[in-house]
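Read the figures in this text as sums done on the coordinates, not as results from a lab. In this text, all values refer to a predicted model and were calculated from it rather than measured experimentally. Note: ideal-geometry Cβ built from the backbone for every residue, glycine included; neighbour counts use all protein chains shown.
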């Protein structure tokens, strides 16, 4: 069997990339399979994943027989995305293995379990969103600050002074350690 390995980390969680690759390589070695393609993506699951797309293209060209991931959440961006890509892989006759959940989606029980896990993962994200919204509403009700600290607005006088001296927005942002968008907003208001 020719396997494609897929590893993904968020920009703030890069220490697991090696762990993912080692675990998948060991799994492939124990099964006596060949690693036909190994790809890695760095970034949020909600954004474009060029490595994943290249692995899907390899699957469509029949260059691999199975895709191995460390965990299901490394592969899918959402429940809908996870289900549609898994359906496509199954229609192509490819295996899909998730090591952490011990899932082999070439079996009926593996497909059912993957669906349930994906639904619970989406449910967990929705609960987290609701908690964040409730926390923000409570902070507003109590008059407490919430969200990102107001750093740029504290430098309004300096921004306006530098702009009056004909300093560019980029240079103002660099000197004061704030974003260009913040500089433009302050200049527009001021």
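Here is how the numbers come out for the structure above:
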{"read-out": "Beta bridges per DSSP with both ends in the range 2-121, % antiparallel, nearest 5", "value": "10"}
{"read-out": "Along principal axes, Cα extents of the chain, largest first, whole Å", "value": "68, 39, 27"}
{"read-out": "Sorted by Cβ neighbour density within 10 Å, fewest at the top, the residues 163, 29", "value": "29, 163"}
{"read-out": "Relative contact order (percent, whole number), the range 1-100, Cα cutoff 8 Å, 6+ residue spacing", "value": "35"}
{"read-out": "Residues residue 17 and residue 129, FRET efficiency given R0 of 22 Å [Cβ-Cβ distance, rounded to 0.05]", "value": "0.25"}
{"read-out": "Computed FRET value (nearest 0.05) for residue 1 with residue 138, which takes r as the C-beta separation and R₀ as 30 Å", "value": "0.05"}
{"read-out": "Per-residue [θ]222 nm for the chain (sum of -39500 (n - 2.57) over DSSP H runs n ≥ 4, rounded to 500)", "value": "-17500 deg cm²/dmol"}
